[in-house]
Structures are given as C-alpha cells and as structure tokens.
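Scroll down for the structure; my scribbles are underneath it.
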Protein chains: 2
Amino acid sequence: MTPTDHADAKHPATEDLSLPRVLSALSDPLRLGIVHLLSDGQERQWGELDAPVSKSTLSHHMKTLRSAGITRTRDEGTRCYVHLRSDDLDERFPGLLASVLRADSEDITPIGLK
Amino acid sequence: MTPTDHADAKHPATEDLSLPRVLSALSDPLRLGIVHLLSDGQERQWGELDAPVSKSTLSHHMKTLRSAGITRTRDEGTRCYVHLRSDDLDERFPGLLASVLRADSEDITPIGLK
C-alpha cells in the first residue's frame, strides 16, 4: 500500500461518475455487503470489517468501489479508512443507492464488524 | 415456482431475480440503451432495434438481459420479440429500474428504431 493509493486522483469527481461503472461495482455480493455496512454513514477502518475473504481480496473489492466513486478511502498512518459517498451518488443518480439498499436479496454477503 | 410466475427455462421467476445479477446485466452502455428504449412498455421486434452492433452481439446482450430477468423474449415464427419486465423488477427491487432510467449518464448508448 503506497500513500498514493488513496490520493484524490483515485477518486472520480461526482460529475464524472459513470452509471455503467457504478452498477458494475455494485454487482457483486461482497461489495453489496460492504455498501450495506457503510450505509449508516460511519467511516470504518478496513481492519474493522469482518469479511469472509483475504486481505488482498478485500483490498481489490475496496479499489473497485473507490474507483467507481462509491466509496472514499483515506490513510491515517498505516491505517486505511473508508466511507460511502452517499451524497455524491444521490446527487448524480437520485434514488439509486436507496433502491439498492432497500432491495431484499439473498445474494448479498453479510459483512460485520470485528 | 407457481403457475403465476411465468418462469421457464429461459426466464427466471420474479422471486428468483438476483440483485447482483440484475445490476451486472444493467452495467453496460448498450444494454442500458436497450432498457431505455423498452421503458415505454412496448414490445419490440429485435429487427426494429437500431443498435450499433452486429446481430450476434445484439443477441448476446439480449440473452444477458433475459437471463437476468430484465426482459422477456418470445419467438413468433422466425421473429424474436422483447419487452421489459418492469412490473417484475419493481416487485422484486422497488424503485431500482426507475432510478436507473432517471439517471443522467453519458455512458448510455442511444438505441433507436429503424
């Protein structure tokens, strides 16, 4: 993990969010689980997430969410933090995140907190 | 599966629609364009669609939409028809299709009628 991994350059501007890309990033059970966990608006440290995958796999999913503009990540020393860009998503695609979070689907991997 | 599901080998039942799969099927500019075109509720013959892709590529996209439960297709002689499963999607994932159709994104391929 380099400092530039969480640089602003890695976060697309709100007006540049792409619908196909956002939908693609959301089209995964584990990433949907992460979005659900973050939907309370809290910023979470990656290490807090209780996901049934390896650190490298979690990192891959986090990058997918971040590069699509769904989450914003930041470093603080050696720790990585993440939060949901709810306002940005609502501004760009009104109602999309809410409908995804409201959806009752068994194909969402529950992610807890350690 | 109940008789009212209208499910068959090609079309998943409404209760079997998967959120990740629906989102994945929607995460493509051309498929979003097809969904936009069909959002008026009209059934269309495939040959009517003015898409900037080959017949075989269009057929592939149509299969992706159908197998995710987004569209229903039927044959009549040598002709293929398609319509949007708006009611089924609304029942399973309320508001999702509306938010996707409302989204203003440049990453949607406009599909016209010949």
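The values are calculated or read from the model by the stated rules, or taken from the named source; none is laboratory data. The structure presented is a predicted model; accordingly, all values stated were derived computationally and were not measured. Note: ideal-geometry Cβ built from the backbone for every residue, glycine included; neighbour counts use all protein chains shown.
Which residue out of B:I70, B:I34 is modelled with pLDDT of 95 or more, of a type in the set (V, I, T) and touching a His at 6+ places or on another chain (Cβ under 8 Å)? Full working, then the answer.
Working: B:I70 fails: touching a His at 6+ places or on another chain (Cβ under 8 Å).
From the options B:I70, B:I34, the qualifying one is B:I34.
Screening region B:30-47 for residues that are crowded, with 16+ Cβ neighbours inside 10 Å and among the charged types (D, E, K, R) and picking the one that is nearest to B:H60 (Cα to Cα) gives B:R31.
Screening A:D40 on (1) touching a residue at least 24 places away in the same chain (Cβ under 8 Å); (2) more than 14 Å from chain B (Cβ to nearest Cβ) shows it passes everything except condition (1). When you go through (1) touching a Phe, Trp or Tyr at 6+ places or on another chain (Cβ under 6 Å); (2) within 14 Å of another protein chain (Cβ to nearest Cβ) one by one for B:Q45, which number turns out not to apply? So the condition that B:Q45 fails would be (2).
Within region A:20-36, being within 13 Å of A:V100 (Cα to Cα) and either aromatic (F, W, Y) or in contact with a Pro (Cβ under 9 Å, 6 or more places away or on another chain) (or both) holds for A:L26, A:S27, A:D28, A:P29, A:R31, A:L32, A:G33, A:H36. Mind listing just one residue for me: the one in region B:67-101 that is among the hydroxyl-bearing types (S, T, Y) and more than 7 Å from chain A (Cβ to nearest Cβ) and, of those, nearest to B:G41 (Cα to Cα)? Looking at the filtered set, the residue picked out is B:S86. One residue stands out in region B:102-114 among those that are exposed (fewer than 14 other Cβ atoms within 10 Å of the Cβ) and more than 10 Å from chain A (Cβ to nearest Cβ): the one that is nearest to B:L23 (Cα to Cα), namely B:P110.
With of a type in the set (A, V, I, L, M, F, W, C), exposed (fewer than 13 other Cβ atoms within 10 Å of the Cβ) and not in a strand (DSSP E or B) as the only criterion, which of B:A25, B:A9 stands out? Full working, then the answer.
Details: B:A25 fails: exposed (fewer than 13 other Cβ atoms within 10 Å of the Cβ).
None of the others qualify; the one that does is B:A9.
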